[in-house]
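Shown next, in structure tokens, is the structure this report addresses.
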Amino acid sequence: MSQACLEWRKYRYFPYEREFAKLETEQLFGALSGENAVGLTIPSGAFRSDGAERLTYFGRAVHPGGAVVVPRQVRLEASANDGERQATRYSAHGIHEYKGKFNPQIVRAIGNMLGLDKGATVLDPFCGSGTTLLECAHSGWNAVGVDRNPLAVQITNAKLHALRRRNGAIDEKAMLVTRALERAADRLCVPFEPRRSDVASFLDDSWLDGLPSRKYLCAWFPPAVLAQIVAILRVLRAQVRSRDDRAVFEIILSDQLRQASLQEPADLRIRRRKDPEANYPLIQWFTEALKERLDRIERARQTLGRVEGRQEAMLGDVRSADQQPATFGRIDAVITSPPYETALPYIDTQRLSLVVLGAIEAGEIQATEKALIGARDISGREREEIESQIAAGTGDLPVAVLGLCRELLEAAKKPGNGFRRVNRPALTYRYFNNMSAFFTNSRRWLRPGGKVAMVVGANRTVLGGKEYIIDTPRLLVAVAQRCGYSRTEERAMNTYPRYDIHQKNSIESETLIVLTAN
């Protein structure tokens, strides 16, 4: 029997990527014959060009009759690099850095493994910066994303808008913005350090008055950088009339702000630089980023052609039963990477962008952070209430979760635990209780038999001198089963560790969990 060959690419694969490649091959072609030195083989009769086009981890598909298909994923990645390495910032993925996101290839592969066809509807209930939604746009799947972080929603929708905008439309605006900022750059950027009078003469006497949370921003940016921020925002308002177009520019600006601030850029929490500069060339960084990122998106757009389907992110909370994304109808699948039980401090990390763009007031930072699933902050009163529930065994969590929380609570009572460690039992209980609310709601949103695919890892903590493993994947499965799901599969994924300021508490592996709504 003649065989078609799906050829591996030249980069180094993680074991899970080869496993995912086999699974999506079986789903797309209905068959898998074997493996050779070049790649995987399938019966030539099972070969379909549309299936080959959707492949994630192969360089090309070759039919013995002479047909050769280079998958869209290869062409997308080549639009961002030389094609010899696996790219993760192709298309609009690199428009804004966002810590803790998973590789976009994972989303495409999972969608193929689940058998999603064009027109299917995907939900990402913890959408972050929109990796899942953007990949759905690349694949022709409808998608709705939900997040409690206003900046995450803005980043996601800016990515989607930039990808859909007609060829050259945003680039024309970028040229106008860059030209308008040239004079400001001469006056306000390094090495020039503006005195108050110089700034006022370039802008106006009340140039600071329009800043949101002015006192807060003055404490976190050098005056010369604030002048550049004001200049950029004024030019954007004057030159970019479309709110959606302007949002793309603002998100690119957002990605430069921490580097130009008095914040220590490498630290996700609130911490000042030890040796800050009097000024940073923000305008120069911004205009360079505009060109580089918009050019990359344009190359991806040319590769994709017309973007199909509907994709949109919304500000909301999947713990609320009222969050039903009704305008999208029934959901076919959930593809997500949920927060861990002590999540990254997303609001603290992005607080400067949130305030500069007017998404929240400075006084709302702490409350917004605390509202996220997996937040590390908890009041003494809430901790005591949760500890009482743990001790009494109340609530609707599985025995495995309650048992772990009780064990952590006993260990937290021992001497030598700091205040953050003492909080850990209550934080763990609260996290799984929040995820239970998500599973309960998502089961109502999913069509019967719909799938939930989650990529999540375990982590660890030390209490009373003893190390405890928080086996988040196993415990989430138990929670989901209690909420009406059945476990379909679990697959280990050894990956590069995602960025975590508490990386010593991370375990360098994750798990793909697939659940089915009963």
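Observations on the model:
- Exposure proxy order (Cβ contacts within 10 Å, fewest to most) of THR25, THR428: THR428, THR25
- The helix-based estimate of mean residue ellipticity at 222 nm for the chain, built from -39,500 (n - 2.57) per DSSP H run of four or more residues and divided by its residue count, is -14000 deg cm²/dmol to the nearest 500.
- Largest first and in whole Å, the equivalent-ellipsoid semi-axes of the range 1-159 read 30, 16, 13, each the square root of five times a Cα gyration tensor eigenvalue.
- Longest to shortest principal axis, alpha-carbon extents of the chain, angstrom: 79, 67, 41
- As a proxy for reagent exposure, ranking TYR340, TYR11 by other Cβ atoms within 10 Å from fewest up yields TYR11, TYR340.
- Using θ = phi - 60° and Karplus 6.51 cos²θ - 1.76 cosθ + 1.60, couplings along the range 120-137 (whole Hz; Gly, Pro as x): 5, 10, 10, 10, 10, x, 10, 6, x, 8, x, 4, 5, 5, 5, 5, 5, 4
- Sequentially through the range 256-266, phi angles give Karplus couplings (6.51, -1.76, 1.60; θ = phi - 60°) of 9, 5, 4, 5, 9, 9, 8, 6, 5, x, 7 Hz, Gly and Pro residues having no value and appearing as x.
- Three semi-axes describe the equivalent ellipsoid of the range 169-302; taken as square roots of 5 times the Cα gyration tensor eigenvalues and ordered largest first, they are 25, 19, 14 Å.
- Under-5 Å amide H pairs with ALA4, H placed in peptide plane, nonlocal only: ILE42, SER44
- Its residue count N sets the reference 2.2 N^0.38 Å, and the alpha-carbon radius of gyration of the range 3-70 equals 0.98 times that reference.
- Sequence-ordered 3J(HN,Hα) estimates for the range 108-118 from the Karplus curve with 6.51, -1.76 and 1.60 and θ = phi - 60° stand at 4, 5, 4, x, 5, 4, 7, x, 6, 9, 4 Hz, glycine and proline given as x.
- Per-residue extension of 0.36 nm, minus the Cα-Cα distance of ARG214 and ARG89, leaves a gain of 41.6 nm for this segment.
- Linear extension gain, ASP244 paired with TYR13, 0.36 nm per residue minus alpha-carbon span: 79.4 nm
- The range 411-434-the range 336-356 distance, computed between alpha-carbon centres (Å): 21
- Annotation: amide H of GLU35 within the under-5 Å range of THR41, sequence separation 5 or more or interchain, hydrogens built in the peptide plane.
- Gained length - ARG273 relative to ASP171, 0.36 nm times residue gap less alpha-carbon distance: 33.2 nm
Values quoted throughout were computed directly from the atomic coordinates according to the rules given, and no laboratory measurement underlies them. Just so it is clear, the model here is predicted, and its values are computed rather than measured. Backbone-built Cβ (ideal geometry, glycine too); neighbour counts: all protein chains shown.
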